[in-house]
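Written below as structure tokens is the structure these notes are about.
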Amino acid sequence: MRKSTITPLVMAATCLTASCQKIQEPVQPEGHLRIMAAQFTDAIPIAYGQLVSVTSAPDPYVAVLWFKKSDESIVVVRVNYARGALGPNITEIPRK
């Protein structure tokens, strides 16, 4: 009989003494790459240069196309192949 009354008291005391700590928001690093609106929604401009690679993205049905421009900079274009649509933005990565 004593055991059944002591157990809830011990559990309540443990819950009251445990403290909660607020989890900090993850720090988002400041990016310095140029993110621009895509020139076209139905084509990839020749100015983006040679297609170098195609990789998958974490989003479903999205592929990432990597182009090398004539000045050696890299242009990143996202394509949703399920919808048949190019992403609204591109990322340009300069080479130094």
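Here are the numbers:
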item: So TYR81, is it loosely packed, with under 10 Cβ neighbours inside 10 Å, among the aromatic types (Phe, Trp, Tyr), in contact with a Phe, Trp or Tyr (Cβ under 9 Å, 6 or more places away or on another chain) and without any contact (Cβ under 8 Å) to a residue 60 or more places away in the chain; result: yes
item: Sole residue being β-branched (Val, Ile, Thr) and modelled with pLDDT under 95, chosen from ILE46, ILE93, ILE35, ILE74; result: ILE35
item: Residue check, SER53 over 21 Å from HIS32 (Cβ atoms), among the polar types (S, T, N, Q) and either within 17 Å of the chain's Cα centre (by Cα) or outside any strand (DSSP E or B) (or both); result: no
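The values are calculated or read from the model by the stated rules, or taken from the named source; none is laboratory data. The structure presented is a predicted model; accordingly, all values stated were derived computationally and were not measured. Quick reminder, even Gly has a Cβ in these numbers, built from the backbone with ideal geometry, and neighbours come from all protein chains shown.
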